[in-house]
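Take a look at the structure below.
The values are calculated or read from the model by the stated rules, or taken from the named source; none is laboratory data. Computed from a predicted structure; not experimentally measured. Counting neighbours? That spans all protein chains shown, and the Cβs are built from the backbone with ideal geometry, glycine included.
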Amino acid sequence: MKVVKISVMVAVFVFAICVAAQAGEPEGPDMRGKVRERIEKMMMWRLAEEMKLPPEKEEELFKLIRSHFREREEVTRRQFEVIGQLEELYRQNAPTEELKRALADFERVQQERVEMEMRLRDELRRILSTREIVRFIITWPKVEEEIRGMIHQLKKDKTPRGKIKPK
């Protein structure tokens, strides 16, 4: 049964990566959302595989991480908006006072990111034991990097027409 579950998850993951690796931006917010959701599911599956948590803790952890994804996405969006504003002001040779205000906005968004990460750590303490938290801190970046690497490799293997190169 476990082999079947793993096989199904791998198939879903490969499909998600193939969709994410298609040429150009995914069409519309619905498609981007579906791709993001599939990638998140694969990350959760990899994390579950590495963490080996009981189902109750696993469910609670995944709920927390999904919430964290949404919050991180919003903070990142605001961060890029502010960087765009900074870039525009800099290019226009804006007065120092305007640059200082925009820089203060940037620093506020950075502070939000730090506070968001601290909230995540607090919530992890509520859900996981100390040993599990340490395992999460060690495992999570590896899982994220593994998924990014797989997506990067699929994009790299594409031909100019957006099709996967045959091996």
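Assorted remarks:
- Every condition in (1) under 19 Å from the mean Cα position of the chain (by Cα); (2) surrounded by fewer than 14 Cβ atoms within 10 Å (Cβ to Cβ); (3) among the charged types (D, E, K, R) holds for residue 112 except the one numbered (2).
- Condition met for residue 80 (within 22 Å of residue 41 (Cβ to Cβ) and under 17 Å from the mean Cα position of the chain (by Cα)): no
- Per-region count, the stretch 136-154, residues charged (D, E, K, R) and over 15 Å from residue 44 (Cβ atoms): 2
- From the list 98, 81, the lone residue that is out of contact with any helix residue (DSSP H, G or I) (no Cβ under 7 Å at 6 or more places or on another chain), of a type in the set (Asp, Glu) and modelled with pLDDT of 90 or more is 81.
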